[in-house]
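I have placed the structure first, in the form of structure tokens, so that the comments after it can refer back to it.
The values are calculated or read from the model by the stated rules, or taken from the named source; none is laboratory data. Computed from a prediction, not measured in an experiment: that's the story for all the values here. Ideal geometry is used to build each Cβ from the backbone, glycine not excepted, and the neighbour counts take in all protein chains shown. Side chains are part of the model used for accessible areas, which takes the heavy atoms of the whole protein and leaves out ligands, DNA and RNA. Shrake-Rupley method; radii C 1.70, N 1.55, O 1.52, S 1.80 Å.
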Amino acid sequence: MKSTLGQQQIAAFFKEKEWTTFPFQKKTWDAYKAGKSGLIHAPTGTGKTYAVWAPALMEWIDEQEGRPLPKRPPKLRVLWITPLRALVEDTTRSLQELAEGLNLPWSIQARTGDTKSSMKASQRKKFPSCLVTTPESLSLLLSYPETKDAFSDLQAIVVDEWHELLSSKRGTQTELCLARLRKWNPALKSWALSATLGNLDTALSTLTGTHEDGVIINGDLKKKFIVQTIIPKNMEKFPWSGHLGGRMVEEVAKQIEQAQTTLVFTNVRSQTEYWHHALLSIRPEWQELLGIHHGSLSRKDRTEVENRLRAGTIKAVVCTSSLDLGVDFSPVEQVIQIGGPKGVARLLQRAGRCGHQPGAISRVFCVPTQAMELLEYAAARKAMEEKKMEERIPLRAPLDLLAQHLITLALAGGFQADETLREIRTAWSYRDLSDEEWAWALDFIIRGGKTLRAYDQFKRVVVINGLHHVESKLIGRFHRMSIGTITSDPAITVKFKTGKSLGTIEESFISRINPKSNFFFAGRLLKLERVRDLTAVVSPAKGGKGTIPVWGGGKSPLSSELAKAVQYQLQNAKAGKFENKEIKALAPTLRLQNEGSTLPSQNQFLIECTDTREGRNWFLFPFAGRLANEGLAALVSFRLSRKTPMTLSMAFNDYGFHLCSDSKIDISLEQWTEFLSPDQVVDELLGCMNLSEMSKRQFREVARVAGLLFQGYPGAQKSARQIQASGGLFFDVFAKYDPENLLLTQSRREVLERQLEIERISEKLQEIKQQELILHYPDRLTPFAFPLWAESQRTRVSTESWSERVSKMAKELENSSS
Amino acid sequence: MTKPVEITWQDEAFQLLPEKALFWEKEKTLFISDPHFGKAAAFRKAGIPVTEKTTVDDVEKLSQIISKTKTKRIVLLGDFIHARSSKIQVLRNLLFLWREEFRSLDLHLIRGNHDHNAGDPWPELGIQCHDEPWNEFKWQCRHYPLDYSNIPYFAGHLHPGFSLRGKGRDRMRSACFQINDSRIIFPAFGSFTGLKDIKPEKNDQLFLTNGEEIIALPATHSFVRSK
């Protein structure tokens, strides 16, 4: 095929820069030229950006048909969506580099919540040729009537880090925006850049919608990935439980010294603070060279670390998944993973942060903080070899988002119901949207739902001649300010007396710190001066000890894929096959487990019963990940306490759960079979008190997205302050006066599906039904049981009344303070 | 109406009602704070769909307390009507009908921040409005609490809530009365109101209520009247 002028120019430029053109890039260029949409997936970032950007530029060059290039930037042709504001700048620069290198007059600009309002205003008058923005900002743009015209030349939309967006409401929001853009231009090409995931077909469908086919292109450069575990020297003394891994600090420091730049990934924010402090304690000379990065730090601090990483002026950064994205832009020399990897794809992606030079290996050094994590590393390695990646499941037709999107459309000039329903149904996640759900959504945005029938002054969306639109400027203003799906948790801002903000911390943590006491945060030792409203004022502490802060949410569960792989490793150990270093190191521990109770085989389900000072303990090991295990614990407790009145305390981790009763009750195998039955699971879970509390918390997000919560802005006028209310408050009002409200149903469903992984629970119980239940009575806590027994986060299951619970808790408070 | 808690404060006997009200038997006077009637209307004006049934239920709840206690006078410690945008026909009719039923009640309102915005209630309701402090009794009636006062007082405004934390992640958050020797801070009477977490001070005693039951938390100095 004769190459076009555009292709020639690109080829020449690449040659000049000594860049290779990879086969997958060529494939993409051909597909793009043929007008196709597609998804490019690869574990590392190299080359994905230009795979899609180059053909977009080529297309424009070819359109000029050999004439001299216009001097003025063409009207908007490409939208580039990226999930993080931090990545928007990097992306913009990268795109500019190629366009400028080819001497094209294209203007490429960023647009996010951070963009100056003067810039935003001028952009809306005349958009750049390529706009780099976030899903929220795109949604906001779609709320203006002028946007349709401004986007009339749009050729392509590129969505970066699609795997990340896909399974969240932000991804669903992107789908709805894409459906609208496609309505305006059916020939629009949509391209997604994604990391490896287990369900590529779904990932493609969510991008292209129901009407289109796309291509899936493998951007894998066949790099070699190595999972290398740092085995603890003294396995006998290595703890069976815990998350902090203090014994391994020296090993990690030595490993950091081996490379120029290192990313040290931990699983939760408190571990990040702990490790940053621990490393500095043994390497004080790293004061300026060791960075810290996680989601609760101030944006200023995070940006500084990101800049230093890019510039290569930092030796190591201790971080959470906050640095999982942005692979393309700041490769490092070395990656260390502390603690369990939780997922195969995640480990692969983190390993991919290094080894970007041709022929280099992407290696991740794994540092266990407790014994069983050794198993996880071996399991992850095997799963990576077999390419068994986790799937990312998109949300199913969230109605809160639909309501928000419909008001956006209503603001932008209005919509007609029937044709818009057809448009919404072209979005993959809404393909099965029922007529009832649609009717409910329309009723909600027009009349406010069933309970508001009596109030004819209520006007949100107004219908005239079938056109649904918004008349009130006030409503328009409030809506635009609230667009988005990100709900920030109420948090305490940590500030120095001077006013410098360090980030946020949870109220539950700060409430336990006495004034004048020390705690660690943002990599510093701080003294708490006082807490007023939502601010904690601190001063730098002189020295000494400090508490490590804890954040409640955000612990990823062990994925099913990894859990299966872990069980496979255990089977091998049981059969006497010790095929890797990790299993060999764990052999003594596994032998202890076998002696104390047993190593369960594939068709066995193990239940251990041990008496301790606290009472009678049962340990069950479904290996279902912490979320599903929590649900299973709640379900089993509910069934247990329904049979016999008792007080149970429960705890859970990725491998199993623990129930403790202060009375020595006997439970037979037959009874356990009953308690583990897969029947009536949803109904009984719904009956658990825990679930309604969780639904109330989840409702915050739903209320926010559906536009019930006014987020506000600094210096809000009085009128704004009068409409502040919390999600919990709305939950109570709806639960009482509008219990059929589909938003309530949605938050319940989200709790079941997302927070408890109801499908995983059901599958597990079906599996257990086919297995042989074995009951062991070890004298002492086994290596499997111990971590559960030591788990500090417990909840109590009670059928007590409100006043009984309050009295009990008040008494405990009294006892503990005296 | 479930059991109130009997307390002694400033040598007077009071009943703390779980419905978030304080009843003074001796002078048949009921004290409540922060009803925020018509709050939902302000939300509806901004396009947020909330039913006004919360106000209807709150007025009904008030009627039941009046009938049960046979109170002759009600003192409202501020924030009677939520906002100017709340003063719509729906609310007017509701309150007028209620007033008709309890025509002989002596009604007083201490103006709070929301009242300054909404304006005084409809004059037909016959509510006497006072700026704080109102010195009718041995103690002052205020809307805003003070950092320090040598004259005892009642106040509202804060919508106090307390989080009881138990083992692990157990937590129960409820509205409460915050009482010490020099002042009583009232919980918000209105049901469509939020809670603001408070930290009890040294000589405080908290009384938690969920609307149906009220419990005194143990304290170094208890105000609960022993039988």
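Below is a table of values for the structure above.
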quantity: Nearest-0.05 FRET efficiency for residue A:396 and residue B:173, computed from C-beta distance (R0 35 Å); calculated: 0.65
quantity: Of all accessible heavy-atom area on region B:133-219, the percent that carbon and sulfur account for (1.4 Å); calculated: 46
quantity: Shielded by partner chains, region B:80-103 residues - at least 10 Å² of accessible area, 1.4 Å probe, vs chain alone; calculated: B:82, B:83, B:88, B:90
quantity: In sequence order, calculated HN-Hα J values of region A:664-675 (Karplus, 6.51, -1.76, 1.60; Hz; x Gly/Pro); calculated: 7, 8, 9, 10, 8, 4, 4, 5, 4, 4, 4, 5
quantity: For region B:17-29, 3J(HN,Hα) per residue [Karplus equation, 6.51 cos²θ - 1.76 cosθ + 1.60, θ = phi - 60°, Hz, x = Gly/Pro]; calculated: 8, x, 6, 6, 9, 10, 10, 10, 4, 3, 10, 6, 10
quantity: Within region A:672-695, backbone nitrogen closer than 18 Å to the virtual label 7 Å beyond the Cα of residue A:644 toward Cβ; calculated: A:672-677
quantity: Segment residue A:96-residue A:115, length gained on full extension (0.36 nm per residue, minus Cα span); calculated: 5.1 nm
quantity: Positive-end residue, region A:657-793 charge dipole about Cα centroid, Cβ charges, pick of A:766, A:752, A:727; calculated: A:727
quantity: Inter-label distance, nm, simple model (7 Å from Cα along the C-beta direction), residue B:11/residue A:801; calculated: 3.7
quantity: In region A:41-118, GluC sites (Glu not before Pro) in a DSSP loop with at most 15 other beta-carbon atoms within 10 Å; calculated: A:65
quantity: Neighbour-limited loop hits for GluC sites (Glu not before Pro), region B:20-111 (at most 14 other Cβ within 10 Å; DSSP other than H, G, I, E, B); calculated: B:25, B:27
quantity: Fluctuation leader among B:211, B:156, B:47 - chain B, Gaussian network, Cα springs under 10 angstrom; calculated: B:47
quantity: Only Lys, Arg (+1) and Asp, Glu (-1) charged, at Cβ; chain A dipole about Cα centre in debye; calculated: 2440
quantity: Residues losing 40 Å² or more accessible surface upon assembly, region A:727-755, compared with the chain by itself, 1.4 Å; calculated: A:729, A:730, A:733, A:737
quantity: Label-to-label distance, nm, for residues given as residue A:210 and residue B:226 (7 Å Cα→Cβ offset); calculated: 7.3
quantity: Positive minus negative residues near residue A:105 (Lys, Arg vs Asp, Glu; Cβ under 9 Å); calculated: +2
quantity: Lys/Arg +1, Asp/Glu -1 at C-beta; chain A dipole; positive extreme among A:266, A:575, A:522; calculated: A:522
quantity: Estimated inter-spin distance, residue A:360 and residue A:480, nm [label 7 Å along Cα→Cβ]; calculated: 4.5
quantity: List A:320, A:20, ordered by accessible area with a 1.4 Å probe, largest first; calculated: A:20, A:320
quantity: Long-range HN-HN contacts of residue A:159 with modeled amide H, under 5 Å; calculated: A:81, A:191, A:192, A:193
quantity: Estimated FRET transfer efficiency (residue A:584, residue A:547; beta-carbon r; R0 51 Å; 0.05); calculated: 0.85
quantity: Carbon + sulfur, % of accessible area of region A:376-436 - ligands and nucleic acids excluded, 1.4 Å; calculated: 46
quantity: Inter-part distance where region B:38-74 and region A:302-355 are each reduced to a Cα centre, Å; calculated: 55
quantity: Whole-angstrom gap from region A:193-260 to region B:84-107, using each part's C-alpha centre; calculated: 65
quantity: Per residue, in Å², the accessible surface of region A:616-766 once ligands and nucleic acids are set aside, probe 1.4 Å; calculated: 39
quantity: Mean ellipticity per residue at 222 nm, deg cm²/dmol - from DSSP H runs of n ≥ 4 across chain A, formula -39500 (n - 2.57); calculated: -13000 deg cm²/dmol
quantity: Karplus (6.51, -1.76, 1.60) ³J(HN,Hα), θ = phi - 60°, over region A:633-649, in Hz, Gly and Pro reported as x; calculated: 4, 4, 5, 5, 4, 4, 5, 5, 6, 6, 6, 10, x, 7, 9, 10, 10
quantity: Interchain or long-range residues, amide H under 5 Å from residue A:551's placed H; calculated: A:270
quantity: Charge dipole magnitude, Cβ of K and R +1, D and E -1 - region A:91-151, Cα centre, debye nearest 20; calculated: 200
quantity: Buried solvent-accessible surface, both chains (B, A), 1.4 Å probe, Å² to nearest 100; calculated: 3900
quantity: Solvent-accessible heavy-atom area per residue, rounded to whole Å², over region B:20-145 at 1.4 Å; calculated: 38
quantity: Full-extension gain in nm, residue A:595 to residue A:614, via 0.36 nm per residue minus C-alpha separation; calculated: 4.5 nm
quantity: Delta accessible area of at least 20 Å² on complex formation, residues of region B:46-60, 1.4 Å probe, chain isolated as reference; calculated: B:46, B:47, B:48, B:49, B:50, B:51, B:53, B:54, B:57
quantity: Extended-chain gain in nm, criterion 0.36 nm per residue less alpha-carbon gap, residue A:313 and residue A:668; calculated: 121.5 nm
quantity: Neighbour cut-off at most 16 other Cβ (10 Å), DSSP loop, trypsin sites (Lys or Arg not before Pro), region B:110-170; calculated: B:138, B:167, B:169
quantity: Cα-centred dipole magnitude for region A:531-620, charges only on beta-carbon of K, R (+1) and D, E (-1), debye, nearest 20; calculated: 300
quantity: Placed amide H near residue B:153: partners under 5 Å, 5+ positions off or other chain; calculated: B:140, B:183, B:184
quantity: Percentage of interatomic Cα-Cα distances in the protein assembly as shown larger than 39 Å; calculated: 53
quantity: Relative contact order, percent, region A:393-500 [alpha-carbon distance under 8 Å, six or more residues apart]; calculated: 30
quantity: Computed FRET value (nearest 0.05) for residue A:777 with residue B:25, which takes r as the C-beta separation and R₀ as 60 Å; calculated: 0.45
quantity: Percent carbon-and-sulfur accessible area, region A:109-258, ignoring ligands, DNA and RNA, probe 1.4 Å; calculated: 50
